[in-house]
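The structure appears right after this line, and notes come after that.
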Amino acid sequence: MQVLGVRARGFCMWLRYAALAAMVVAASGCVQERVVHERRPVQHEYVDVVAPQPPPVQVIEVEPAVREGYIWSRGYWRWEGGRYVAVHGHWEPVRQGYRYVHPHWVQRNDGYHWQIGGWVR
């Protein structure tokens, strides 16, 4: 009798796995991947940062040796929480046909305005 009980339990377990596999296969046919090719214009957010006092002269850092295919974007001062915070430089991959403008501050009548750096033609 115990031999039959072990076989019966094994068969029930096999039956459960078979039913689970069948449900997974059946449910996978219900999923449909939807590809949407929607082109929206890129939204560029512009925030004018104006600091009331001039930034410190420069961020003190050692400029690394020249690296082929890259340009060193030197460090700058960012205005945050009512004070200047140093941001250290980083490498930018060179883009053919473009020139790199470093981030900088420009003095105007109402204070110092932040000019974001980047590649320009």
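The values are calculated or read from the model by the stated rules, or taken from the named source; none is laboratory data. Source: prediction; values computed, not measured. Neighbour counts are summed over all protein chains in view; Cβ atoms, including those assigned to glycine, are modelled from backbone coordinates with ideal geometry.
Brief remarks on what is shown
- Considering residues of region 48-82 that are closer than 30 Å to Q96 by Cβ and hydrophobic (A, V, I, L, M, F, W, C) only, the residue modelled with the lowest pLDDT: V59
- Residue count, region 84-117 (criterion: part of a strand (DSSP E or B) and closer than 20 Å to R67 by Cα): 7
- Any chance R39 is modelled with pLDDT of 80 or more and charged (D, E, K, R): no
- Among the residues of region 69-83, some residue qualifies, meaning at least one is of a type in the set (S, T, N, Q) and assigned to a strand (DSSP E or B).
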